[in-house]
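Report on one structure; see the data block that follows.
Read-outs: derived from the displayed coordinates by stated rules, not from any lab. Computed from a prediction, not measured in an experiment: that's the story for all the values here. Counting neighbours? That spans all protein chains shown, and the Cβs are built from the backbone with ideal geometry, glycine included.
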Amino acid sequence: MSLFGTNGIRGILNETLDPELAYKLGMAAGTYFEESEIAIANDSRTSSDLLKQMVAAGIMNAGKNVIDLGLFPTPGLQVYCKTHAIPGVMITASHNPPEFNGLKLVRPDGLHPNKEQESEVERIIMGDLYYKTTWDTVGRIRSEDASEIYIARIHKFIKVAKIRMSRLNVLADLANSVATKTTPALLRSIGVKYTSINGNPDGFFPGRNPEPTEENLQKTINFAKSGGFDLTVAHDGDADRAVFLDENGNFIDGDKVVAIIADHILQSKKGDLVTPVSSSFLIDWVAKNHGVKVHRTKVGAPIVADELEKINGLFGGEENGGVIYPEYLNARDGAFALAMMLDIIASEEQSISKIVGKMPDYKIKRIRIPMNRDFDSIKKELLNKYQDFDKDETDGIKLIKGDKFILARKSGTEPIIRIYISAIDEDWISSRENEIRKII
Ligand code: MG
């Protein structure tokens, strides 16, 4: 049995996630990591207090001290762990619906454990191999506000004075969760005026679903269209992601955000880029302009981060708007993405829609199909239908024609098949969509 899925431990309190497991994970983390302190943080979910107390109790019973950062973004905890060289535990279910919660470990280098390290923690839990403390060595707990440490780290990668002079105005959709703690503070610290919505932490997520898709952001989009904002940012539940709207309230595809930030970083530094097979050929266009390479991986932020580490890559990103800059932190960070976007607007002295408009308009159509048939038979039919396309089997099946492609893959988290169709030409996309819907 495996406790850890692609996103750590996820479930619904007392249905698929027992509080006792949180206690055990705390004990296992205290046993597994050598460091004498472990930092913890949580999102705004209704069960986060309960689960966090259980994790903290487990850590203390393994003889380690707990530093509680409170309501705080996952990447904020990761930055804290990295700068203090101590491990951490994050209590969050990221973008999942309100009833879910989850637990994620952080290593002393700020990254999530790899599969082998997770198996080792699992072995401690399954085998009841915990270190148990005595009355005179039991751990203690203290609270700390790590906002300043986190924001100071982001400042190192942007031109603060330039942003300050640009007098930008931002609409910030804080998703009723951790971003309420840090995004307004970041914006204030760089002299950006802001209006926030969904700005109070609330585990029922009354404003919107915590996943920042265009569909879920309709209220925010309407607000942004009322005008006056240079940029709109919307976070997910643990703020490791940010999506953006331009000054007219139009949704900027995450694929384009990755390309814009990659282009910006490549203007002062050279290095290879990493992106999953689901991203459009826009990233290749950027790479070609700067004479660097693109490495394609399976879909998933940890996989992109692993590849960046392996090849010593410069920058990575996913078409859902996740951006990873290893020099800052080899993990996704929504506040960092926001800071980069503001840095770009300030440096270019142009509106974000103009900056986006300078790039070729690659589009990605994303389709979710309930998995009511065997993936292999769908794959076979696609291969048969598109025989003259190039094939790539990195993740599912990708059929490529020049700079256009169709990708079909099984979702790692839900019983669905995800289809991506990408091209500049919208008619090509809709023709392929019609054909594929007939096949499936
Ligand atoms: Mg997230």
Between Ser119 and Arg140, what is the spin-label point distance in nm, taking each point 7 Å from the Cα along the Cα→C-beta axis?
-> 4.0 nm
If a/c stays under 1.5 just call it rounded; otherwise compare a/b with b/c (prolate if a/b is bigger, oblate if not). Do that for the stretch 150-250, with a ≥ b ≥ c from the square roots of the Cα gyration tensor eigenvalues.
-> oblate
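When the chain is fully extended, how far beyond the present Cα-Cα distance does Lys156 get from Thr195, taking 0.36 nm per residue of separation?
Numbers: separation 39, 0.36 × 39 = 14.04 nm, distance 2.47 nm.
Difference between extended and current length: 11.6 nm.
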Under the Karplus curve 6.51 cos²θ - 1.76 cosθ + 1.60, θ = phi - 60°, whole-Hz ³J(HN,Hα) for the stretch 19-25, x wherever Gly or Pro sits = x, 4, 5, 5, 4, 5, 5
In order through the stretch 328-340: 3J(HN,Hα) via Karplus (6.51 cos²θ - 1.76 cosθ + 1.60), integer Hz, x for Gly, Pro | 7, 6, 7, 7, 5, 8, x, 5, 5, 4, 4, 4, 5
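Can you list which of the GluC sites (Glu not before Pro) found in the stretch 311-409 are DSSP loop residues with at most 14 other C-beta atoms within 10 Å?
On the way: sites: Glu318, Glu319, Glu327, Glu348, Glu349, Glu381, Glu393; in loops: Glu318, Glu319, Glu327, Glu349, Glu393.
Loop-located and lightly packed - Glu327, Glu349, Glu393.
List Thr275, Thr83 from most exposed to least, where exposure is judged by having the fewest other Cβ atoms within 10 Å.
Values: Thr275 30, Thr83 15.
Arranged by neighbour count, lowest to highest, Thr275, Thr83 become Thr83, Thr275.
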Counting sequence-distant residues (5 or more places) and residues on other chains, those with an amide H built under 5 Å from that of Ile424 are Lys363
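Based on the Kirkwood radius over alpha-carbon pairs, what value in µm²/s does the Stokes-Einstein equation return for the translational diffusion coefficient of the chain at 4 °C and 1.567 mPa s? Mind showing how you got there, number by number?
On the way: Rh = 22.5 Å.
Estimated diffusion coefficient is 58 µm²/s.
Students often get this wrong, so check it: of Lys82/Lys181; Lys256/Lys410; Lys156/Lys365; Lys193/Lys270, which have C-alpha atoms separated by over 29 Å? The partial results should precede the final answer.
Details: Lys82/Lys181 20 Å; Lys256/Lys410 24 Å; Lys156/Lys365 36 Å; Lys193/Lys270 33 Å.
Checking Cα-Cα distances, Lys156/Lys365; Lys193/Lys270 exceed 29 Å.
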Amide H of Thr297: which non-local residues (sequence gap of 5 or more, or other chain) have their own amide H closer than 5 Å, using H built in the peptide plane?
-> Thr275, Val277
Would you calculate a helix-derived [θ] at 222 nm for the chain, using -39,500 (n - 2.57) for each DSSP H run of n ≥ 4 and dividing by the full residue count, to the nearest 500?
-> -11500 deg cm²/dmol
Thinking of the stretch 1-127 as a set of Cα atoms, what percent of all their pairs are more than 22 Å apart?
-> 23 percent
